[in-house]
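Below: one structure, written as structure tokens.
The values are calculated or read from the model by the stated rules, or taken from the named source; none is laboratory data. What you are looking at is a predicted structure, and each value in this text was computed from that prediction instead of being measured. Here the Cβ is made from the backbone with ideal geometry for all residues, glycine too, and neighbour counts use every protein chain on show. Ligands, DNA and RNA are excluded from the accessible area calculation, which covers all protein heavy atoms including side chains. Shrake-Rupley method; radii C 1.70, N 1.55, O 1.52, S 1.80 Å.
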Amino acid sequence: MMPIRDVVIFPHMMTPFVVGRESSVRALEEANATGKQIFLATQHDASIDEPRPDEIYSVGTVANIVQSLKQPDGNIKVLVEGVERGKVISVSDEDGFFRAVVKTSAFRIEGGPQLDALVSRVTTQFEQYVKLSQNLNYETMVAAIRPDDPGKLADTVGANLQLTIEEKQELLEIFDPIDRLTRVAEMLDIEIEKLQVDRTIQGRVKRQMERAQKEYYLNEKIKAIQKELGRGEKSEYDELKKKIETAGMPKDAFDKAMSELRRLENMPPMSAESTVSRNYLDWLLAVPWKKTSKEIRDLTFAKEVLESDHYGLEKIKDRILEFLAVRRLVEKPKGSILCFVGPPGVGKTSLGMSIAKATGREFVRLSLGGVRDEAEIRGHRRTYIGALPGQIIQMMKKAGTKNPVVMLDEIDKMSMDFRGDPSAALLEVLDPAQNTAFQDHYLDVEYDLSNVLFIATANVLHTIPGPLQDRMEVIRLSGYTELEKLEIAKRFLVPKQLEGNGLKTDQLEFEDDGLRALIHGYTREAGVRNLEREVGNVCRKVVRSVVMSLPLETVEEEPKPKKAKGKKKAEVVDIATKEASAAAVEVKTEFKKVSVTETNLTDLLGPAKFRDVVWDKKNEIGSTTGLAWTEVGGSILATEVSILEGRGKLTTTGKLGDVMQESAQAAMSYVRSRAHTLGLPRDFYRHIDIHVHVPEGAIPKDGPSAGITLATSISSALSKIPVKGNIAMTGEITLRGKVLAIGGLKEKLLAAHRYGITEAILPKENEKDLAEIPDVVKKEMKLHFVEHMDEVLKLALEREPDAVPPPAMDFTSKPVEDLRH
């Protein structure tokens, strides 16, 4: 018996191996001397040089020694042929080698359809295995298999499979040929599947290698061609690296860019991932990291710019000049976030452009109206297809500098949905304590926004979340007075429209009375947008008259003078051309200059769109003019009251809100409590109904500031004393008749002044707000500040009502319990 390592000898197989251990050499020599038969069994652990009997598998193969050859190094190369498998009964160690008593067993096989099918299956599988395997010769292996002997077939196939020592030993230990053949069939299935997977992977790897080799070859060829053309050997990656090094990025952004560049170099140029990396690097390089605009800190120049671009708005201009003054003294002040709140058309957006011009910064505008996705502010992550940075980073790229003026237009019109709340994302952008490290989802690096001057615009404040309002300095822009609109039209609107419509000052002129009539009769707004539109309408009417008055040949393109062969003919042609041009000039100068005045404005624009309701209003019973605030500026509010027969019911119409209906109830309670001062019986309300109506009925109205207006109308209707038509009022009323403060005083008084009202009744507590009222309004209007409703009635009614003494209330006949009740 001889133990062998790393090999399993199967019966009927010719196997060569080398014998080197001393005990094995002795056993081989003894076998050669006695009958050339030897029992070969595999040892458990191949690393053991002198294994014990229990470290050797008990099942092995009885083999014949076909050939042995002693080599110069003392080893013996031997070729053996397996005869049959056997199992060790006992082992003895004599003369330095093992002797074993081995039991062999012969199985008798009975043929049948199942065995034939199994043999056919194994034969077919082995042929398929040989075709897939690259280590076996197909013809040799097919010739070696013997389908007529199942046992020999199983041993032949098992010996040629790429199995582990343990798996081959398992096959050797199966003595039953049919069981052994069944196990071989199972192993063949597994090995064929492995070879198929290996072939698929190898094919894929081969294709990728071929593609990579092709790309490498083409890239090298392109480099050689560029070198021949003299374009140098500098690669695109070297240019990107140089741009990254000179971009002035902070350390974390620089490390991120270099890491991405290294990834890009290792990617195939045509892969989708390389496009994503390249776009990311392009965005990192496109954002300004160190470039800044040279800031203008000359206060005189800034003041001149602001005055030349806008009329009025003194408070805004003062704030901007204060900001510039701070910048002059402090090198690195914190960024300012301004919010201009006012009605449409008052110049909020154009004011931002003027600030950029006055400070010498770049100007970019971002419209936030209708934005409802948080990713619009912070961007999408790069994992999404087509991802881009947010609008903040895009605006910085557009500006090209670190310190632009960024206008966030219509910030009050943002909304939210399931994709997030963009106003919450703006909290980081507009917070000076946080925007030094603004992080966009796409760039994924910190970006400094502290040098940016953010200017937000809004029409109203109540739709802006409180935390966002807290981060901005709110500056209110109220509507313009008639004088301001007149000056704006003369300085800005008329010259702009004349230039835009191709007219000159000697063709069209606006008189002051014409502009006033235009403001009164064709516009009703806090700003000047509709005024500019109407001025444009007048200009177009005049342009049409100018064009219609020109002859046809002057409107068409003048023909070029033809070339004449002779000198005299050429002179004749030039003279004729000059005469025609002179005649055209004379025709053009024949157009009569148009002056727009109050009298001819109707001929140009048609009848007035608005009539002045206050001028037509007379003193009426139960009709009072109130003042209201709207999102587009102030307005007047007519209040009417009618007395009907009934049972004391108070009806309110005109689409009034809950607060305004409660104000009507409070006004009615006050009137009932003061019935004697109005000359009314104590139970006057028992037999009448009171109907309060506030035109226009389709417009929603709400708020407490109409309280004194409602009380005055009810008092006038009940006392039959008319209310003065030239007086307007606003104020909240309490049950005891006190007049409380209101908001929006400036807008309301501007509306009253715009409508031609000469007097206004206001709460005493609002007297402190007079500083914001333009001087022209205070000069032309008489303002009354009151604390109680009794003062309102004295000022608003034509005369004081005839008071009656209050009836005495007799409690003497009532029981004590009723008094307590």
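Check whether at least one residue in the range 676-690 is under 54 Å from the mean Cα position of the chain (by Cα) and either open to solvent by less than 40 Å² (accessible area, probe 1.4 Å) or within 19 Å of residue 762 (Cα to Cα) (or both), and report yes or no.
If we filter the range 676-690 for residues that are under 54 Å from the mean Cα position of the chain (by Cα), which is where we start, we get none.
Scanning the range 676-690 turns up no residue that is under 54 Å from the mean Cα position of the chain (by Cα) and either open to solvent by less than 40 Å² (accessible area, probe 1.4 Å) or within 19 Å of residue 762 (Cα to Cα) (or both).
If we keep just the residues of the range 624-661 that are in contact with a Gly (Cβ under 8 Å, 6 or more places away or on another chain), part of a strand (DSSP E or B) and within 19 Å of residue 460 (Cβ to Cβ), which is modelled with the lowest pLDDT?
633
For the range 451-491, which positions are open to solvent by less than 50 Å² (accessible area, probe 1.4 Å) and over 37 Å from the mean Cα position of the chain (by Cα)?
If the condition is that a residue be open to solvent by less than 50 Å² (accessible area, probe 1.4 Å) and over 37 Å from the mean Cα position of the chain (by Cα), then 481, 482, 484, 485, 486, 487, 488, 489 are the ones that fit.
Look at the range 742-782 and say how many of its residues are free of Cβ contacts under 8 Å to residues at least 60 places away in the same chain, assigned to a helix (DSSP H, G or I) and either β-branched (Val, Ile, Thr) or open to solvent by 20 Å² or more (accessible area, probe 1.4 Å) (or both). Lay out the reasoning, then the answer.
Within the range 742-782, the subset free of Cβ contacts under 8 Å to residues at least 60 places away in the same chain is 742, 745, 758-759, 761-771, 773, 775, 778-782.
Next, only the ones that are assigned to a helix (DSSP H, G or I) stay: 745, 764-771, 775, 778-780.
Then drop every residue that is not either β-branched (Val, Ile, Thr) or open to solvent by 20 Å² or more (accessible area, probe 1.4 Å) (or both), which leaves 764-765, 767-771, 775, 778-780.
Adding up the residues that qualify gives 11.
Do you know which of the residues in the range 40-56 that are within 19 Å of residue 170 (Cβ to Cβ) and open to solvent by less than 50 Å² (accessible area, probe 1.4 Å) is modelled with the lowest pLDDT?
46
Residue 187 versus (1) open to solvent by less than 80 Å² (accessible area, probe 1.4 Å); (2) touching a residue at least 40 places away in the same chain (Cβ under 8 Å); (3) part of a helix (DSSP H, G or I): which is the lone unmet condition?
Among (1) open to solvent by less than 80 Å² (accessible area, probe 1.4 Å); (2) touching a residue at least 40 places away in the same chain (Cβ under 8 Å); (3) part of a helix (DSSP H, G or I), the lone unmet condition for residue 187 is (2).
Please name all residue pairs, on different chains or six or more residues apart, with Cβ atoms under 9 Å, provided the first residue is in the range 198-219 and is under 23 Å from residue 162 (Cα atoms) and the second residue is open to solvent by less than 100 Å² (accessible area, probe 1.4 Å) and among the charged types (D, E, K, R).
Close Cβ pairs (under 9 Å, with a partner that is open to solvent by less than 100 Å² (accessible area, probe 1.4 Å) and among the charged types (D, E, K, R)) do not exist here.
Between 317, 357, which is open to solvent by 70 Å² or more (accessible area, probe 1.4 Å), in contact with a helix residue (DSSP H, G or I) (Cβ under 6 Å, 6 or more places away or on another chain) and either within 30 Å of residue 530 (Cα to Cα) or modelled with pLDDT under 85 (or both)? Explain how you work it out, then say what you get.
Numbers: 317 fails: open to solvent by 70 Å² or more (accessible area, probe 1.4 Å).
None of the others qualify; the one that does is 357.
Just one of (1) outside any helix (DSSP H, G or I); (2) more than 30 Å from residue 27 (Cα to Cα); (3) modelled with pLDDT of 80 or more trips up residue 98, so point out which.
(2)
Which pairs do you get when a residue that is without any contact (Cβ under 8 Å) to a residue 60 or more places away in the chain, found in the range 426-447, comes within reach of a residue that is assigned to a helix (DSSP H, G or I) and among the polar types (S, T, N, Q), reach meaning Cβ atoms under 7 angstrom, with the pair 6+ apart or on two chains?
428/435; 429/435
Return only the number of the condition from (1) without any contact (Cβ under 8 Å) to a residue 60 or more places away in the chain; (2) farther than 18 Å from residue 721 by Cα that residue 669 does not satisfy.
(1)
Among (1) modelled with pLDDT of 85 or more; (2) in a loop (DSSP other than H, G, I, E, B); (3) exposed (fewer than 15 other Cβ atoms within 10 Å of the Cβ); (4) not aliphatic (A, V, I, L, M), there is one condition residue 288 misses while meeting the rest; what is its number?
Failed condition: (3).
Does any residue of the range 128-138 turn out to be open to solvent by less than 90 Å² (accessible area, probe 1.4 Å), among the hydroxyl-bearing types (Ser, Thr, Tyr) and farther than 30 Å from residue 3 by Cβ?
Yes, there is a match, as at least one residue in the range 128-138 is open to solvent by less than 90 Å² (accessible area, probe 1.4 Å), among the hydroxyl-bearing types (Ser, Thr, Tyr) and farther than 30 Å from residue 3 by Cβ.
Going by the conditions given, is residue 365 outside any helix (DSSP H, G or I), among the basic types (Lys, Arg) and without any contact (Cβ under 8 Å) to a residue 60 or more places away in the chain?
Working: outside any helix (DSSP H, G or I): yes; among the basic types (Lys, Arg): yes; without any contact (Cβ under 8 Å) to a residue 60 or more places away in the chain: yes.
Yes, satisfied.
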